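Participant: Quick one: structure below, then a few questions.
The values are calculated or read from the model by the stated rules, or taken from the named source; none is laboratory data. Quick caveat: nothing in here was measured; it's all calculated off a predicted structure. Cβ: placed from backbone, ideal geometry, glycine included. Neighbour counts: every protein chain shown. Protein only, heavy atoms only, side chains kept; ligands, DNA and RNA dropped before computing areas. Shrake-Rupley method; radii C 1.70, N 1.55, O 1.52, S 1.80 Å.
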Amino acid sequence: MRMRFPCATLAMAAPSWEDSVKSLKGVILDMCGVLYDAGEDGGIPIPGSVEAVKRLRASHLKLRFCTNETQSTREKFVAKLTKMGFDISVSEVFSPAPAAVAILKERGLRPHLLVHDDVVPEFDSVEKTNPNCVVIGDAAEKFSYQNLNAAFRVLIGLEKPVLFSLGRGKYYKEDDGLNLDVGVYMKALEYACEIEAEVIGKPAPMFFQKVLDDMGIPSHEALMIGDDLVNDVGGAKECGMMGVQVRTGKYRPSDEKHPTVTADGYVANLAVAVDTILKLGGQ
């Protein structure tokens with residue numbers, strides 16, 4: 001039976017992430033923007049990232065992957081990364097859709113889905129007739145006026161509207177530039193229906209806690225590495241973890257001057273982060 005170590009907000013200034021490396025027991029990696037850059041052809045690995053994952057796996061550290069990817073099932077997502085050369089198994093990947101399915105079943109909810117076609121199979125086991133809630137994910141081209149309005153009509157017609165959002169990102173990077181993410185459309189429905197969405201995925205503390213529970217370590221012994229300052233780093237720090245931002249993916253120079261979220265460290269890419277972890281950790 002795994003021990004559970006609740007997330008805890010740090011009450012005072014923490015040492016630098018390099019100083020804490022020796023006490024690390026586990027590393028959690030974001031995926032898009034850290035391992036690879038997305039694109040129409042499935043994306044390409046960020047230089048050095050495939051080898052960095054191999055080096056982490058060969059170390060004493062526990063390794064998990066935490067993503068807000070909602071454009072495919074975990075199985076298809078992992079298969080894509082395997083073709084790129086990454087050594088990753090489905091059981092190591094934590095994504096919002098399976099977590100949403102568990103919540104829907106637990107609460108007896110029937111969703112109206114506004115999600116990408118490729119992630120719909122994740123919800124096959126859930127009853128969807130006469131919906132009493134809405135689940136919104138990164139639907140990409142399906143974010144049309146008609147589809148967003150259909151979701152609005154479901155919500156506005158409920159006595160107690162319930163909206164689940166699979167993440168709340170503002171944008172993400174593909175090889176042709178930045179694209180709007182689910183959080184933008186989530187905010188539109190929140191505004192129209194005067195409700196607050198329940199976020200499933202990063203930066204929600206319970207999402208990070210599920211990963212920590214699976215690793216069997218307390219938050220102060222885990223490090224999150226991501227390209228999204230607010231959802232990756234900020235969410236991890238709220239949970240008591242250290243958070244390092246890579247200068248790849250959606251990273252912007254302005255992130256290092258963010259008014260409310262400060263990473264414990266900034267590194268050029270995942271390969272540099274892993275070099276630091278293994279060198280200072282005596283690997």
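Participant: Could you state, as a whole-number percent, how many of the C-alpha pairs of region 94-161 are farther apart than 21 Å?
Facilitator: Values: 462 of 2278 pairs.
Roughly 20 percent, rounded to a whole number.
Participant: Over all Cα pairs of region 19-62, how is the pair count split among 5 Å bins, expressed in % and running from 0 up to the last occupied bin?
Facilitator: So the P(r) values, bin by bin, are 5, 18, 24, 21, 16, 9, 4, 2, 0.
Participant: Which one of Tyr145, Ala273, Gly183 has its Cα pushed farthest toward the positive end of the charge dipole of the chain, where Lys and Arg give +1 and Asp and Glu give -1 at the Cβ?
Facilitator: Ala273
Participant: For every helix of n ≥ 4 consecutive DSSP H residues, a contribution of -39,500 (n - 2.57) applies; sum these over the chain, divide by its total residues, and give [θ] at 222 nm rounded to the nearest 500 deg cm²/dmol.
Facilitator: Details: 9 runs with 87 residues, N = 283.
Mean residue ellipticity at 222 nm (helix-derived): -9000 deg cm²/dmol.
Participant: I've got another one for you. Any idea what angle helix 96-107 forms with the longest principal axis of the chain, computed on alpha-carbon atoms, 0 to 90 degrees, nearest 10?
Facilitator: So the helix axis and the longest Cα principal axis differ by about 50 degrees.
Participant: Further question on the same structure: Under the definition of Cα pairs under 8 Å and six or more residues apart, what whole-number percent is the relative contact order of the chain? Before the final figure, lay out each step's value.
Facilitator: On the way: 557 pairs, mean separation 70.9, N = 283.
In percent, rounded to a whole number, it is 25.
Participant: I've got another one for you. Take the residue pairs Lys105/Lys202; Lys170/Lys237; Lys76/Lys160; Lys54/Lys105; Lys83/Lys173 and return only those whose Cα atoms are more than 26 Å apart. Don't skip to the answer; put the middle values down first.
Facilitator: On the way: Lys105/Lys202 21 Å; Lys170/Lys237 19 Å; Lys76/Lys160 35 Å; Lys54/Lys105 37 Å; Lys83/Lys173 20 Å.
With Cα atoms farther than 26 Å apart: Lys76/Lys160; Lys54/Lys105.
Participant: Then there's this: Tell me the per residue accessible area of region 85-139 using a 1.4 Å probe; a whole number in Å² is fine. Write out the running numbers ahead of the final one.
Facilitator: Details: 2180 Å² over 55 residues.
Normalised by residue count, the accessible surface of region 85-139 is 40 Å².
Participant: What's the longest bit of the chain with no exposed trypsin sites (Lys or Arg not before Pro), using DSSP loop states and at most 16 other Cβ atoms within 10 Å as the test? All intermediate terms of the calculation are to be shown ahead of the outcome.
Facilitator: Details: sites that count: Arg2, Arg4, Lys25, Lys128, Lys170, Arg247.
Answer - 26-127.
Participant: With Cα extents along the principal axes in Å in mind, check (i) 77, 48, 28; (ii) 68, 51, 33; (iii) 58, 42, 40 and report the label derived from this structure.
Facilitator: (iii)
Participant: Give the separation of the Cα centroids, region 60-113 to region 119-169, in Å.
Facilitator: Measuring centre to centre over Cα atoms gives 19 Å.
Participant: Still on this structure, please answer the following. I'd like to check one number: the per residue accessible area of region 179-270, probe 1.4 Å, reported in Å² as a whole number.
Facilitator: Working: 3520 Å² over 92 residues.
The answer is 38 Å² per residue.
Participant: Measure up Lys22/Lys279; Lys22/Lys257; Lys210/Lys279 against 19 Å on the Cα-Cα distance and list the ones that go over.
Facilitator: Values: Lys22/Lys279 10 Å; Lys22/Lys257 28 Å; Lys210/Lys279 29 Å.
The answer is Lys22/Lys257; Lys210/Lys279.
Participant: Oh, and also: Roughly speaking, to the nearest percent, how much of the chain's 1.4 Å accessible area is carbon and sulfur?
Facilitator: Working: 7010 of 13320 Å².
Whole-percent figure for carbon plus sulfur exposure: 53.
Participant: Counting Lys and Arg as +1 and Asp and Glu as -1, what is the net charge of the other residues whose Cβ lies under 11 Å from the Cβ of Glu127? Could you put the intermediate results ahead of the total?
Facilitator: On the way: positive: Lys105, Arg110, Lys128; negative: Asp124.
Local charge sum for Glu127: +2.
Participant: Within the chain, what's the longest run with no GluC sites (Glu not before Pro) in a DSSP loop and at most 15 other beta-carbon atoms within 10 Å? Give the range, please. Before the final figure, lay out each step's value.
Facilitator: Details: sites that count: Glu40, Glu127, Glu159, Glu194, Glu196.
Of all site-free stretches, the longest is 197-283.
Participant: Another question, if that's okay. Looking at region 157-241 from every direction and averaging, what is the projected area of its Cα convex hull in nm²?
Facilitator: Averaging across all directions leaves 7.0 nm² for the Cα convex hull.
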